[in-house]
Structure formats: C-alpha cells, structure tokens
Amino acid sequence: MSEDNAENLFFEADQLIEENKIIEAKEVLRDLLNEYPDYGRAHNHLGWLYSVKFNNHPKAKNHLELAIKFASNHQGVYTNYAYLLIEMNLFDEMLVFGKKAIDNNIADKGTIYNKMGQAYELKGELMNAFKQYKLSVKSAINNQFIDEVYASVNRVKSKMSILQKLKLIND
C-alpha cells in the first residue's frame, strides 16, 4: 500500500464518519492501520470512534495514546484524549497529561485547561479548578466556549465555602 493510498483510505474513513457510517469507517481505519500501524491520525479517528460511538474506553485509550505517539503535532488528538480521561474518571492522569499538553504548544490550551479544571473540580479541589477555568477563559477565542467555561467558574464558586470565596477576592 502506498502512502497516497493510505491518505485516500484515511479520507474515505473521514467521509464515512461524516455520513454517520460508523461501522464502515471503523473497518476502513482498521484496514489502514493493518498496513500502516504508525498512521497516527487513523489511530485518533479510531480512538474517537471507540470512545464516542462504541463506548469502549480501553480501546479508545489505547488508540489515542498511539495517536499521540505517532501524530504528536495533530491538535485534535490532545482534545480527544483529554475528554476521554475525564470520561474515564482518570483525574490525576488528566492533570499530568494536561501539563505536558500545555507545554507542547500544539494542544488547544483552552480545552486542556478546561479539562484540568474539571479534573480538579471532580477531585474536590475547588481552588485549583477555579484557577484552571480562569486560564481556560484566557486561552479561548470562541464565545460559546467562553460562556461554557464561565458557567463552570460560577458552578465551582457556588460549591466553595465562604473562606474560599474570600480567598478569591484577596488573590
């Protein structure tokens, strides 16, 4: 299989996903990865399918980790992996991953900070969650996303004690 053929298969799978032909897309991606096991974007798509469409988080995690390994310059991989880690309740892993993703300057920082905020919030670390959500807002450019993050900021503030809220005012 040539590299052009690999690209063609990838775009065929992408189109099948767009048409909601999920089973067919999965098969095309699996065929592609049988020939090109290091085709990172195919791993990303397959990871997303396993996560969102098939609810098979272990397979999704495996493919997204391979996508990060083989397509480390592909921004979408980091977003998909961050969503998956929160979905799997792997909050500490999300925080470690988030720090690395922010440092690589490829990942969407707004999304990563938001997911780190969620990880902290779900761990009950509200002050840290608040800080991450504020960083998310600073890194975001989409108004709808900013509104969603502000809703998270307000939710976290509503969970805080009076002393925590006072500390926010003094910081």
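The values are calculated or read from the model by the stated rules, or taken from the named source; none is laboratory data. All values reported here derive from a predicted model rather than from experimental measurement. Cβ placement follows ideal geometry from the backbone for every residue including glycine, while neighbour counts extend to all protein chains displayed.
Quick notes on this one:
- Only a single item in (1) part of a helix (DSSP H, G or I); (2) β-branched (Val, Ile, Thr); (3) in contact (Cβ under 8 Å) with a residue 12 or more places away in the chain is not met by residue 96, and it is number (3).
- Members of the range 138-158 found to be out of contact with any helix residue (DSSP H, G or I) (no Cβ under 6 Å at 6 or more places or on another chain) and of a type in the set (Ser, Thr, Tyr), listed by number: 150, 158
- Within the range 139-171, if we keep just the residues that are within 18 Å of the chain's Cα centre (by Cα) and assigned to a helix (DSSP H, G or I), the residue that is farthest from residue 99 (Cα to Cα) turns out to be 144.
- Residues in the range 1-36 that are in contact with a helix residue (DSSP H, G or I) (Cβ under 8 Å, 6 or more places away or on another chain) and not in a helix (DSSP H, G or I): 1, 36.
- Selection status of residue 51, modelled with pLDDT under 95 and either touching a Gly at 6+ places or on another chain (Cβ under 8 Å) or not in a loop (DSSP other than H, G, I, E, B) (or both): no
Residues are listed down the side, and each one gets a yes or a no for (1) touching a Cys at 6+ places or on another chain (Cβ under 6 Å); (2) among the hydrophobic types (A, V, I, L, M, F, W, C); (3) more than 28 Å from residue 97 (Cα to Cα); (4) touching a residue at least 60 places away in the same chain (Cβ under 8 Å):
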site: 16; (1), (2), (3), (4): no, yes, yes, no
site: 47; (1), (2), (3), (4): no, no, no, no
site: 57; (1), (2), (3), (4): no, no, no, no
site: 60; (1), (2), (3), (4): no, yes, no, no
site: 63; (1), (2), (3), (4): no, no, no, no
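- Just one of the listed residues (127, 88, 116) is modelled with pLDDT of 95 or more, assigned by TED's automatic domain parsing to the domain that holds residue 144, surrounded by fewer than 17 Cβ atoms within 10 Å (Cβ to Cβ) and hydrophobic (A, V, I, L, M, F, W, C), namely 127.
- Tabulated pairs, the range 145-171, first touching a residue at least 60 places away in the same chain (Cβ under 8 Å), second surrounded by 11 or more Cβ atoms within 10 Å (Cβ to Cβ), C-beta under 9 angstrom, 6+ apart or interchain: none
- Residues considered: 110, 47, 40. Of these, the only one that is more than 14 Å from the chain's Cα centre (by Cα) and either among the small types (Gly, Ala, Ser) or assigned by TED's automatic domain parsing to the domain that holds residue 135 (or both) is 40.
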